[in-house]
Every structure is written in C-alpha cells, then in structure tokens.
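Structure, as structure tokens:
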Amino acid sequence: MALTFHNSLTRRREDFVPILAGKIGLYTCGPTVYNFAHIGNFRAYVFEDLLRRSLEHCGYEVNHVMNLTDVDDKTIRDSREAGMELGAFTGQYKESFFEDVDTLRIRRAHTYPAATEHIKEMIELIQKLFDAGVAYQADDGSVYFSIGRWPAYGQLLKIDPDQMRAGARVSNDEYGKESVADFALWKAWTEADGNVGWDSPWGKGRPGWHIECSAMSGKYLGAHFDIHCGGMDNLFPHHEDEIAQSEAANGCKFVNYWLHCAHLIVDGEKMSKSVGNFYTLRDLGARGYTGRELRWVLLGTHYRQQLNFSFKACEDARVSLQRLDTFKERVQEAAKQGDCGVEAAIEATRTASAAFTTALEDDLNISAALAALFDLVRDMNRAMDKGELGGIGAQSVLDALDRMDGVLDVLTPDKSDSVPDEVLALAAERLAARKAKDFARADEIRDRLQADGWEIEDTPEGPRVKRV
Ligand code: AMP
Ligand code: ZN
C-alpha cells in the first residue's frame with residue numbers, strides 16, 4: 001500500500017509522492033522560546049515525531065528542520081520584564097526545550113535554525129517581495145505584505161478573495177481568525193523593543209514572525225519542499241502568510257503536503273499559555289509521571305482528533321506500558337530457552353509487522369498500529385502460557401518489537417522507571433538468604449523493599465523486581 005496523508009491544502013486524502021525519490025524535506029514550526037513549552041505544544045511535536053519516524057520506517061531519508069522563534073513581541077516583552085538580555089533570556093528556554101524533547105524521546109531535527117541568526121536571509125527575502133511588487137513600507141516605518149496585490153492569497157484557508165479587506169493592516173503576528181489583513185514583514189523599532197533591533201534598508205527594526213519560517217525553510221530545504229506541519233492554530237494566519245511570502249518571492253509552489261494536528265484540550269478548551277490552563281513536562285514530572293508515559297498519552301490519539309488531556313489517561317498509560325514491559329521481559333526469557341513454536345511465531349510477527357506498517361501508511365492510523373502490537377502480545381502470551389515459544393521463535397518476536405519501537409519508542413523503561421542498583425543488590429541478598437534457608441532475613445528484605453515501593457515476584461526464571 002502507498003503512504004497516504006490528509007493534505008490541509010487540498011482537504012483530501014492523497015497518495016504521498018516525494019519530490020525526489022526516497023528523500024523528504026520536512027519543516028515543522030517550532031517553539032517561541034519565552035517560557036517552558038507546554039504539553040499542548042508537545043502534542044504537535046510528538047505527532048511530528050511520529051510522522052518523521054513513520055517515514056523513516058517506510059524507508060525514506062528525511063531532512064527535518066524546526067525553527068526556534070527567539071525574537072518576537074513575547075520574547076522581547078518578557079526578557080525586559082525579567083531584566084535580561086534577549087539572548088540570555090531565550091537561551092534558558094532553548095535549553096529546557098531540548099531537555100523536554102529528549103525526555104519525550106522525540107528524535108531531534110537535523111537543523112534548528114534560530115530567527116536571530118537568520119536576519120540577513122529574512123532581509124533578502126523581504127527585498128525579493130519588494131521586487132515582486134507585493135511589499136510596501138507604511139507611514140509607521142514597518143514593511144507589510146499586500147494581500148490585495150497577491151490574488152493567490154487564501155489557499156489553505158479557502159477564503160473568497162472578494163471578502164478580503166484589502167488595506168487593513170496588522171503588525172501583530174497573531175491576528176484574529178475573522179480578519180484577513182496585510183501582515184508585517186519587518187517591524188519598525190519602537191521604545192518597547194529596548195535594545196533589540198537590526199539595521200535594514202527600511203530602517204532599524206526586527207522581522208515579523210511569518211517571514212522567519214519562509215526564509216529558514218528556503219535556506220535549508222529549498223524553495224519547494226515536501227511536507228510542512230504544525231498545530232491547527234498555525235494554519236491561519238501563520239501558514240497562509242508563509243505560502244504568500246514564499247510563493248510570491250520564489251515564483252514556484254512552496255509545499256506539497258500540509259499536515260496539521262488537532263489541539264490538545266483541557267476541559268473542552270485548547271491548552272494554551274494565554275488561557276493559563278497548561279501543564280509543562282516539569283509539572284507532570286513533579287506529579288510522578290515519566291516522559292515515556294506522557295509520550296504514550298500524546299501518541300495514542302490520531303493526530304487529526306482532539307486529545308482531551310487527563311490524569312486518568314496518564315494512569316492508563318502506566319498500566320499499558322507495564323503490560324508491555326512484562327511481555328517483553330517474558331519473551332526475553334523465552335529467547336534464552338531452546339527453539340520452540342518457531343513457525344507460528346514467525347507467522348504471527350509477520351502479520352503484526354505488516355499490519356503495523358499498513359496502519360501508519362494510512363494517514364498515521366496509530367490506533368490500528370497499536371492494535372497490531374497488542375494482537376501480537378496477546379497471541380504470544382498465549383503461546384508462552386502453553387510453553388510454546390522459545391529460542392529463535394522468541395527472538396523473532398523481539399526483532400518485531402524492536403522494529404515497531406523504532407517508530408513508537410516506548411518499549412524501554414525510563415531511567416526513573418528502571419530498578420536502582422541498591423534495590424537489585426537487596427533482591428540478590430534476599431535470594432541468597434532464601435537459598436541459605438534464612439527465611440526471616442529474606443522476609444525482612446522483602447518487607448523493606450515493599451515499604452520503598454518495590455515488589456519481588458518469584459518466577460521460574462528467578463526473582464523479578466517491579467515498582468508497586
Ligand atoms: P507556539 O510556541 O505557540 O508557536 O506553538 C508551537 C507549536 O505548538 C505550534 O505548532 C502550535 O500549533 C502547537 N500548539 C500550541 N498549542 C497547542 C495545543 N493546545 N495542542 C496542540 N498543538 C498546540
Ligand atoms: Zn512557522
């Protein structure tokens with residue numbers, strides 16, 4: 001089966017055909033680094049991670065670029081409030097962003113261009129827009145893109161050009177959904193900008209938000225590339241404006257496939273910093289949830305469906321992951337035994353792997369992909385209950401799990417989940433005490449471990465330590 005995606009540009013499901021066979025340019029809008037990213041933002045980044053890993057699983061080579069917005073109204077406002085230089089202020093949030101990316105096991109992009117390091121490219125692009133006749137400098141000194149001079153505006157939004165209020169203009173990057181307006185390419189310096197500003201042919205100022213993604217995607221992926229992603233809220237005006245800028249400047253199609261994820265919501269409302277209903281990864285860590293558990297929660301709902309965040313979902317994630325961990329440990333033990341049930345195991349893994357890949361190719365159908373995994377778990381647990389899986393049969397199951405985990409990345413416990421050395425040492429001491437028939441000491445150790453939240457399960461393969 002071919003890879004298919006729902007393309008926001010055509011609003012249809014389409015077969016995916018890359019521009020260059022086997023190689024894909026992927027641009028995903030990154031964080032504005034004025035605070036810790038919240039888990040709504042991470043829903044978008046985990047979806048993009050699933051997309052990238054699925055493409056790689058299907059044999060494509062992906063060149064992934066994600067921008068860091070380190071200059072805009074919010075970064076300037078908050079750095080001044082904090083009494084810090086812009087670079088030092090945003091630097092701390094860039095750092096925490098990468099920590100969170102690693103905690104959530106998101107594969108890092110190949111390039112993370114920062115806006116402040118690409119001012120030259122943005123100025124060049126704005127110059128091209130002047131040359132194309134769609135940019136103008138207003139009385140306030142700022143430079144705007146003229147919607148009225150670009151009839152192709154509205155490709156993503158599917159708006160009627162006649163409805164556009166030509167002449168209205170906004171310097172705010174995040175203008176209302178109802179209005180279509182000339183948008184700022186270059187914002188003239190004002191008092192509120194403090195010492196932030198760059199010289200340009202149009203005077204001192206700073207770039208608008210949209211121009212950064214056009215300039216940096218162009219630099220790292222070329223004027224025309226395959227896939228561009230973001231959350232639904234990026235669709236308008238941000239992505240609409242990116243299309244206008246890039247296509248007007250370069251005279252060619254900008255992006256072939258646009259993929260947008262639905263929002264993560266809390267109590268029916270979009271999780272966002274402005275509403276204040278947000279959790280960061282750190283908040284959830286303080287409540288005892290691991291990055292792997294949160295990854296499972298964010299991954300498990302199809303990207304075009306809203307995901308309602310709840311702590312119950314985090315608890316459910318823990319149970320599902322424990323089940324998978326126990327299964328994997330059991331198969332690892334079976335792999336150490338003699339060959340058994342080899343043909344049946346190979347058949348089951350083949351079926352599960354094929355179903356898993358087919359599901360991902362179907363617009364990243366994660367529910368069907370996870371169903372393929374759990375079908376394998378159920379069938380192989382049954383086989384092990386009957387003593388019918390061992391040796392290379394079990395190894396083939398482990399290999400299939402590894403391949404699936406190349407996409408999911410949830411089958412190895414977090415460090416905080418794994419058993420600390422001192423707990424393992426106590427478990428070994430208990431085993432020795434039991435062998436020496438010192439049951440009082442063995443029970444004492446078991447009670448002590450239990451009090452610390454560890455349970456010892458005695459299995460035919462020896463004792464296994466688990467978190468209660
Ligand atoms: P921002 O830092 O606001 O520019 O957002 C960075 C990314 O997170 C963008 O792709 C947004 O569309 C996405 N995003 C923001 N809030 C949410 C949310 N509640 N659910 C899903 N994605 C979101
Ligand atoms: Zn962007």
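The values are calculated or read from the model by the stated rules, or taken from the named source; none is laboratory data. Note that the coordinates shown come from a computational prediction; the quantities given were computed from them, not determined experimentally. Cβ placement follows ideal geometry from the backbone for every residue including glycine, while neighbour counts extend to all protein chains displayed. Please note that ligands, DNA and RNA were not included when accessible areas were found on the heavy atoms of the full protein model with its side chains. Shrake-Rupley method; radii C 1.70, N 1.55, O 1.52, S 1.80 Å.
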(request) Place +1 on the Cβ of every Lys and Arg and -1 on the Cβ of every Asp and Glu in segment 1-140, take the dipole about the Cα centre, and give the residue among Tyr93, Pro18, Met66 whose Cα lies farthest towards its positive end. (result) Pro18
(request) Decide, for segment 4-261, between rounded, prolate and oblate: order the square roots of the alpha carbon gyration tensor eigenvalues as a ≥ b ≥ c, take rounded if a/c falls under 1.5, and otherwise choose prolate if a/b is larger than b/c, else oblate. (result) oblate
(message) Given the DSSP H assignment, sum -39500 (n - 2.57) over each helix run of at least 4 residues in the chain and divide by its residue total; what's the result at 222 nm in deg cm²/dmol, nearest 500?
(response) -14500 deg cm²/dmol
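Any idea what the relative contact order of the chain is, in percent, if you count C-alpha pairs under 8 Å spaced at least 6 apart?
Numbers: 727 pairs, mean separation 72.8, N = 468.
16 percent.
Could you sort Lys466, Lys74 by accessible area so the largest value comes first, with the probe set to 1.4 Å?
On the way: Lys466 65, Lys74 40 Å².
Per-residue accessible area, sorted high to low, gives Lys466, Lys74.
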(request) List the relative contact order of segment 4-261 as a percent without decimals, with contacts defined as Cα pairs under 8 Å and 6+ residues apart. (result) 23
(message) Which residue, Val143, Cys252, Val319, has the largest displacement toward the positive end of the dipole of the chain when charges sit on each Cβ (Lys, Arg +1; Asp, Glu -1)?
(response) Val319
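Please report the antiparallel percentage of DSSP beta bridges with both residues in the chain, rounded to the nearest 5. Display every interim value, and only then the final one.
Working: 25 of 48 bridges.
Beta bridges within the chain, antiparallel portion: roughly 50 percent.
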(request) Can you tell me the dipole magnitude for segment 281-415 around its Cα centre, using point charges on the Cβ only (Lys, Arg +1; Asp, Glu -1), in Debye to the nearest 20? (result) 500
(message) Positive end of the dipole of segment 239-378, charges at C-beta (+1 Lys, Arg; -1 Asp, Glu), about the Cα centre: which of Met271, Ser367, Tyr289 has its Cα farthest in that direction?
(response) Tyr289
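Considering only protein heavy atoms and a 1.4 Å probe, what is the carbon-and-sulfur percentage of the accessible area of the chain? It would help to have the intermediate numbers written out before the result.
Working: 10060 of 20550 Å².
Answer for the chain is 49 percent, counting heavy atoms of protein chains only.
Determine, from the Cβ-Cβ distance of Asn277 and Ala192 and an R0 of 30 Å, the FRET efficiency 1/(1 + (r/R0)^6), rounded to the nearest 0.05. Kindly include the intermediate steps, with their values, before the conclusion.
Details: r = 28 Å, r/R0 = 0.92.
The formula returns an efficiency of 0.60 here.
Kindly report the accessible area of segment 419-467 per residue (heavy atoms of protein chains, probe 1.4 Å, no ligands, DNA or RNA), in Å². Show your work: numbers first, answer last.
On the way: 3210 Å² over 49 residues.
On a per-residue basis, 66 Å².
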(message) Let me spell out the model: positive unit charges on the Cβ of Lys and Arg, negative unit charges on the Cβ of Asp and Glu, origin at the Cα centre of the chain. What dipole size does that give, in debye rounded to 20?
(response) 420
(request) Could you pull out every one of the lysines with an alpha carbon less than 23 Å from that of Lys270, ignoring same-chain neighbours closer than 8 positions? (result) Lys74, Lys177, Lys312
(request) Please work out how much accessible surface Lys328 shows to a 1.4 Å probe, ignoring ligands, DNA and RNA, in Å² rounded to 10. (result) 40
